[in-house]
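The block underneath contains the structure these notes are about, expressed in structure tokens.
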Amino acid sequence: MMLSQALLLEPLYIFFGAVLRGLYNLTGNYGIAILIYGIAVRILLMPFNVKQHKNSLRQRALQPKLAELQRSCGKDKMRYQQEMMNLYKENGVSMTGGMGFMFLSILLMWPIYRVVIAPFTYLSSISIDSLHKIADFVATKGLITEAVAKNIETDNIGLINALHNSPAVLADLVNQGLMKTQDLISLNFFGIDLGLIPKWDITVYFGPDSKVWLPILIIVLLNLITSIFPQILSQRLNPMMAKTKEANDLAKVNPARSAENNTANTMNRSLLITMPLMMLMFSMWMPTAMTLYWIVGNLMMMLQTYLFYIIYTRPYERLMAQADSTSLKTRDEVKAELHKLKK
């Protein structure tokens, strides 16, 4: 099963490896190539994000009708579900609006991870046979372990670091025709080795090699911080959050209301904690190049959230306010404008 999945995804790895190699050749810097790739992925996902955001706004616009359905259907859950599905269908709301986006996000993220941990395999396009010969030769020199040599197809980082530190061994491999000098990609990003994986031992970052490891720690912390802000911004710019705050204020006056708000508040708080912690854990397990990719993704997500608020959410809030006012527009006119969200 694992073998069939690997064979199925291999063309993706090769394609994204070629893309990243092209960016590396264009910029001459591995880190900048990662940043450009991250920006390009977010731009590529933008149309899907727009569709998902509009779908979410349409769902919000139908909340009053859903409340009416709940009252009319009473305890008949089957009828309520059927009526809700019909209502969503009539108004162009997709029940799986976010699933396609999530799948595509993962599909675009996984290849970059494979490329990041195996640059020789996917960026330099060294054949598998040559790669094993290179790894075995370097292992005989005591520069890498047998375990590293065994897993060389899927993880080249240890071999790359060893060759960067051993010019004589690299020259021997070039003379044997197993690789070219330009195949050895520099993982340096303004003095930061993007091939390094962070260490849990905090003393490493402030010891004799702090110049090497402290920048790695800073990148990990930047990823943690930038993973928090998109969620905060999204909640602050979410019109539903204003209603939640109002409900919380009312709950202070009327304790009977507090129970129904506790669930939403708990979910929001847990999301703000669990997602950044997950990003922190992933950052500590993967090469720093992957963390750099996540940072640019987080920054692009913040920019996207703000733009979506200006372009879509704020006009939506204005129209919904007008729908409650007889002095500005009739409800039918407002509904017509809200209907444009389908397009």
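State which residue pairs qualify: first residue in contact (Cβ under 8 Å) with a residue 60 or more places away in the chain and inside region 124-153, second residue open to solvent by less than 50 Å² (accessible area, probe 1.4 Å) in any location, beta carbons under 7 Å apart, and separation of 6 or more residues or different chains. Final answer for the pair search is S124/D183; S124/I185.
Restricting attention to region 194-231, the residues that are open to solvent by 50 Å² or more (accessible area, probe 1.4 Å), of a type outside the set (A, V, I, L, M, F, W, C) and part of a helix (DSSP H, G or I) add up to 2. In the set (1) of a type in the set (G, A, S); (2) without any contact (Cβ under 8 Å) to a residue 24 or more places away in the chain; (3) surrounded by fewer than 15 Cβ atoms within 10 Å (Cβ to Cβ), the condition left unmet by G191 is number (2).
Among the residues of region 44-90, those that are in contact (Cβ under 8 Å) with a residue 40 or more places away in the chain and of a type outside the set (K, R) comprise L44, L45, M46, F48, N49, V50, Q52, H53, N55, S56, L57, A61.
If only residues of region 110-131 that are surrounded by fewer than 17 Cβ atoms within 10 Å (Cβ to Cβ) and part of a loop (DSSP other than H, G, I, E, B) are counted, the one that is modelled with the lowest pLDDT is S125. Of the numbered criteria (1) surrounded by 17 or more Cβ atoms within 10 Å (Cβ to Cβ); (2) over 30 Å from I112 (Cα atoms); (3) modelled with pLDDT of 90 or more, the one L341 fails is (3).
Applying a threshold of 8 Å to beta carbon distances and a minimum spacing of six or more residues, or different chains, the list of pairs starting in region 301-318 at a residue that is at pLDDT 85 or above and ending at one that is part of a helix (DSSP H, G or I) and polar (S, T, N, Q) reads M302/T226; Q304/N49; T305/S234; F308/N49. Looking at the structure I just gave you, is S186 assigned to a loop (DSSP other than H, G, I, E, B), surrounded by 14 or more Cβ atoms within 10 Å (Cβ to Cβ) and hydroxyl-bearing (S, T, Y)? Yes: the conditions hold for S186. The listed residues are L26, L3, and the only one of them that is modelled with pLDDT of 90 or more and open to solvent by 50 Å² or more (accessible area, probe 1.4 Å) turns out to be L26.
Inclusion of L107 among residues that are loosely packed, with under 13 Cβ neighbours inside 10 Å and within 19 Å of the chain's Cα centre (by Cα) is warranted.
Of all the residues in region 21-31, those that are touching a residue at least 24 places away in the same chain (Cβ under 8 Å) and over 18 Å from the mean Cα position of the chain (by Cα) number 4. Beta carbons closer than 7 Å, at least 6 apart along the sequence or on distinct chains, pair a first residue in region 269-287 that is over 14 Å from I219 (Cα atoms) and among the aliphatic types (A, V, I, L, M) with a second that is part of a helix (DSSP H, G or I) and at pLDDT below 85 for L271/Q231; L272/Q231; M275/Q231.
The values are calculated or read from the model by the stated rules, or taken from the named source; none is laboratory data. Note that the structure is a prediction, hence the values are computed from the model and not measured. Please note: Cβ atoms are built from the backbone with ideal geometry, for glycine as well, and neighbour counts cover all protein chains shown. Ligands, DNA and RNA are excluded from the accessible area calculation, which covers all protein heavy atoms including side chains. Shrake-Rupley method; radii C 1.70, N 1.55, O 1.52, S 1.80 Å.
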